[in-house]
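For reference, the structure discussed in these notes is given below.
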Amino acid sequence: MRYSWPDGQQCAVVLSFDFDAESGFLFREPEKAKRSLADLEERRFGPRVGVDRILRMLDRLRLPASFFIPGWTVEHHLPQSKLIRDAGHEVGAHGNVHEAVDRLTAEEEERVMRAQLRILQDLLGVRPQGYRSPSWDVNHRTPGILKAHGFLYDSSLMGDDVPYEVPTDHGPLIEVPVQWLLDDAPLFRHVYGATNAIADPARVFELWSREFAGMYREGACFILTCHPFISGRASRVMLLEELVAYMRTFPGVWFTTCAEIARWHADGGSAPRP
Ligand SMILES: [Zn+2]
């Protein structure tokens, strides 16, 4: 085995949700955001419908999940953010207004970090253990900033498919790795005028279930990243439910949160690789 999981289990699975709402659009296209109600409403489907639908699904399946929420979204969609917290799911940090840190100076990145932590603390009473970078954009400074602010882990990088560590000046930061194959946006998100076709949920089931079977054989961690405004659509919630049912036919799958995986890694649970 490449990695040893609790109780001799074979692999780990996390359903993670990046609850962006309008924040990413506001950061990337602030001028268009002043004109376009259509773009804002597309994203408001997340707080208006998607979050509740996903929470009900998780409740039906009795599954924990990790939600990464930008500060702006907590401020502007507080009832939904509280529902997530009150359902017992993990709440992690995800920027303030979904800033891609590549565009920020060191001072701005530090300011954004402080702002998001303050909002999560003041409005939700949450001190997040984990961080997911907006757009999975991480610069060379970011891991050190996370470590300096006391984060246990990051979940934005693709350098392995089991937990690993990123060195920083403040000590190693645990990484709970992601990958594009397990992100709903490239498959389901349609941008008007772009050539990407919307994927058939049956094809995505095929893709994700095959990846799961491979990750299971490898003893890896399957971190799925979905967005309530994309995967909160009815047929896609059904897809997630079918995927979990499929994964549950395998023995020894640890359904958990990113924070639990990071804690397991921090406690030295992982065995050295052969
Ligand atoms: Zn996001």
* To do: Identify, by number, the condition in (1) surrounded by fewer than 19 Cβ atoms within 10 Å (Cβ to Cβ); (2) within 24 Å of ILE54 (Cβ to Cβ); (3) of a type in the set (Val, Ile, Thr) that THR105 doesn't meet.
  => (2)
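For segment 121-146, which residues satisfy the criterion of being open to solvent by less than 60 Å² (accessible area, probe 1.4 Å) and over 27 Å from HIS77 (Cα atoms)? Write out each step before concluding.
Here is the first cut: in segment 121-146, the ones open to solvent by less than 60 Å² (accessible area, probe 1.4 Å) are 124-126, 128, 130-134, 136-139, 142-146.
Those that are open to solvent by less than 60 Å² (accessible area, probe 1.4 Å) and over 27 Å from HIS77 (Cα atoms): ASN139, PRO143, GLY144.
Which residue, of ALA197, ALA185, is modelled with pLDDT under 95 and open to solvent by less than 40 Å² (accessible area, probe 1.4 Å)? If you could, list the steps in order and put the result at the bottom.
Values: ALA197 fails: open to solvent by less than 40 Å² (accessible area, probe 1.4 Å).
The match here is ALA185.
Which of the residues belonging to segment 122-147 are of a type outside the set (A, V, I, L, M, F, W, C), in a helix (DSSP H, G or I) and away from the ligand (no atom under 13 Å from the Cβ)? Lay out the reasoning, then the answer.
Of segment 122-147, the ones of a type outside the set (A, V, I, L, M, F, W, C) are 122, 125, 127-135, 137, 139-144, 147.
With the extra rule that they be in a helix (DSSP H, G or I), the set shrinks to 122, 134-135, 142-144, 147.
Across segment 122-147, the qualifying residues are ASP122, THR142, PRO143, GLY144, LYS147.
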* Among what's in segment 14-41 and is more than 18 Å from the chain's Cα centre (by Cα) and within 14 Å of the ligand (Cβ to nearest atom), pick the residue that is farthest from SER133 (Cα to Cα). => LEU26
* Out of GLU206, GLU165, sole residue that is part of a helix (DSSP H, G or I) and acidic (Asp, Glu) -> GLU206
* Asked: What single numbered condition from (1) within 17 Å of ASP154 (Cα to Cα); (2) assigned to a helix (DSSP H, G or I); (3) open to solvent by 10 Å² or more (accessible area, probe 1.4 Å) fails to hold for LYS82?
  -> (1)
* segment 63-79, residues that are within 15 Å of the ligand (Cβ to nearest atom) and open to solvent by 10 Å² or more (accessible area, probe 1.4 Å) -> TRP72, HIS76, HIS77
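The values are calculated or read from the model by the stated rules, or taken from the named source; none is laboratory data. Source: prediction; values computed, not measured. So basically every Cβ, Gly included, is an ideal-geometry build from the backbone, and we count neighbours across all protein chains shown. Surface accessibility is based on the protein's heavy atoms, side chains included, excluding ligands, DNA and RNA. Shrake-Rupley method; radii C 1.70, N 1.55, O 1.52, S 1.80 Å.
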